[in-house]
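The structure appears right after this line, and notes come after that.
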Amino acid sequence: MFEFKISDNSVELLSIEMSGELNTVAAQDLQGKIESLDFNKPVFIDVTNLDYISSTGLRYFLLIKKKVEANGHKVTLKGLNKNVASIFKMTGFYSFFEII
């Protein structure tokens with residue numbers, strides 16, 4: 001089961017937590033949530049508890065990145081576990097984001 005939570009949505013920062021499995025079905029639900037957010041600020045995404053990400057899920061990370069960078073800000077990811085980091089590295093996404 002995938003969970004998406006906004007932990008901070010202040011003027012200075014949008015902080016998101018993702019957990020579970022971001023598969024194709026879960027990614028469809030994510031689209032509406034992403035479209036409703038203001039990306040005119042830096043975005044911090046905690047994926048510590050994200051167990052899996054599909055190619056469709058990666059697409060939404062790329063969409064977030066494009067929206068944030070269009071406004072002159074950065075996306076930072078935190079807590080990539082071994083499985084998710086491996087997927088990010090295999091697809092080249094690891095170099096697209098600031099990862100801590």
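The values are calculated or read from the model by the stated rules, or taken from the named source; none is laboratory data. Everything quoted here is computed from the prediction, not taken from an experiment. In this analysis, Cβ positions are derived from the backbone assuming ideal geometry, glycine residues included, and neighbour counts consider all displayed protein chains. Side chains included, ligands, DNA and RNA excluded: accessible areas come from the protein's heavy atoms. Shrake-Rupley method; radii C 1.70, N 1.55, O 1.52, S 1.80 Å.
Observations on the model:
- Of the whole protein surface, T48 contributes about 60 Å² of accessible area at a 1.4 Å probe radius.
- Antiparallel DSSP beta bridges within the chain, as percent of all bridges there, nearest 5: 30 percent
- Tensor-based shape of region 21-80 (alpha-carbon gyration tensor, a/c under 1.5 rounded, otherwise prolate or oblate): oblate
- With contributions of -39500 (n - 2.57) from each DSSP H run of at least four residues, the per-residue ellipticity at 222 nm computed over the chain stands at -12000 deg cm²/dmol.
- Note on E21: accessible area is roughly 90 Å² with a 1.4 Å probe, heavy atoms of protein only.
- Probe 1.4 Å, all protein chains present, accessible-area order of D29, D46, largest first: D29, D46
- Region 45-71 versus region 1-38: alpha-carbon centroid distance in Å: 9 Å
- Assigned charges on the beta-carbon of Lys, Arg, Asp, Glu; the chain dipole about Cα centre (debye): 340 debye
- Helix runs (DSSP H) in the chain reaching 15 Å along axis by Cα, Kyte-Doolittle at least -0.5: 24-35, 55-70
- Overall shape: oblate for region 6-55, with the ratio a/c of the largest to smallest alpha carbon gyration tensor axis at 1.5 or above and b/c at least equal to a/b.
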